[in-house]
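Worksheet: one structure, shown below.
The values are calculated or read from the model by the stated rules, or taken from the named source; none is laboratory data. For clarity, every value in this text was computed on a predicted model and none was experimentally measured. Glycine gets a Cβ as well: all are built from the backbone with ideal geometry, and neighbour counts include every protein chain shown.
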Amino acid sequence: MKKVVLTLAVALIASLSMAQTNLSGSWKLNAEKSKQGEMSFAPKSLTLVQDANTLTVESVSSFQDQEMKSSSKYTLDGKESVNKGMMDSQQKSTAVWSADKTSLKITSVMDMQGQSMTSTETYKLNGANLEVTFEMNMPNMPEGGMKETRVYDKK
């Protein structure tokens, strides 16, 4: 009997340790902790809503003193999701969990004015903060692209 209970306890602990991270929450950009480029498009706030199958990301950004809101929805099963991109383009994305289920990598491709842009965003909880590593590759960008680490505090 003790072996059965011990086996069940080990199985429960193993299954809990493999549970994926829940990224849900309202987050505010911490510019001091972030590493951003000169031409950063980092949203000043994010609201993430996650359930077993999807992640919805609502962002608020500022550009030329104008506030912009956007919303994207991703499936968490590795299948392609299609969302609205910049300038009425379509953004095709796949979201994949890391092997240890602690970070989510979203790879997106967007064709805009005859150019293909690829970006990756990796979402990970780091203590009380949400850390988003953002990379974008574009042929006409200096050095071929940009890389930023954006740190968000929980609201």
Inset, instruction - Among what's in region 65-78 and is surrounded by 11 or more Cβ atoms within 10 Å (Cβ to Cβ) and in a loop (DSSP other than H, G, I, E, B), pick the residue that is modelled with the lowest pLDDT. - result: 77
Inset, instruction - Only residues in region 76-96 that are under 18 Å from residue 113 (Cα atoms) count as the first member; pair them with residues that are modelled with pLDDT of 95 or more and part of a loop (DSSP other than H, G, I, E, B), Cβ under 7 angstrom, at least 6 apart or cross-chain, and list the lot. - result: 92/80
Legend entry - Matching residues in region 22-54 - criterion: being in contact (Cβ under 8 Å) with a residue 40 or more places away in the chain and of a type in the set (Lys, Arg): 28, 33, 35
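Return the residues of region 7-59 that are part of a loop (DSSP other than H, G, I, E, B), in contact with a Phe, Trp or Tyr (Cβ under 8 Å, 6 or more places away or on another chain), of a type in the set (A, V, I, L, M, F, W, C) and modelled with pLDDT of 90 or more; say none if nothing qualifies. Break it down stepwise before answering.
Looking only at region 7-59, we keep the residues that are part of a loop (DSSP other than H, G, I, E, B), and these are 18-24, 30-34, 36-44, 51-53.
From what is left, the residues that are in contact with a Phe, Trp or Tyr (Cβ under 8 Å, 6 or more places away or on another chain) are 20, 23, 30, 41-42.
Okay, now just the ones that are also of a type in the set (A, V, I, L, M, F, W, C), so 23, 41-42.
Answer for region 7-59, where residues must be part of a loop (DSSP other than H, G, I, E, B), in contact with a Phe, Trp or Tyr (Cβ under 8 Å, 6 or more places away or on another chain), of a type in the set (A, V, I, L, M, F, W, C) and modelled with pLDDT of 90 or more: 23, 42.
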Inset, instruction - Being at pLDDT below 95, among the hydroxyl-bearing types (Ser, Thr, Tyr) and surrounded by 12 or more Cβ atoms within 10 Å (Cβ to Cβ) narrows it down to one of 103, 62, so name that one. - result: 62
Inset, instruction - Give the residue that is surrounded by the most Cβ atoms within 10 Å (Cβ to Cβ), with candidates limited to residues of region 106-122 that are over 17 Å from residue 42 (Cβ atoms), more than 15 Å from the chain's Cα centre (by Cα) and touching a residue at least 12 places away in the same chain (Cβ under 8 Å). - result: 110
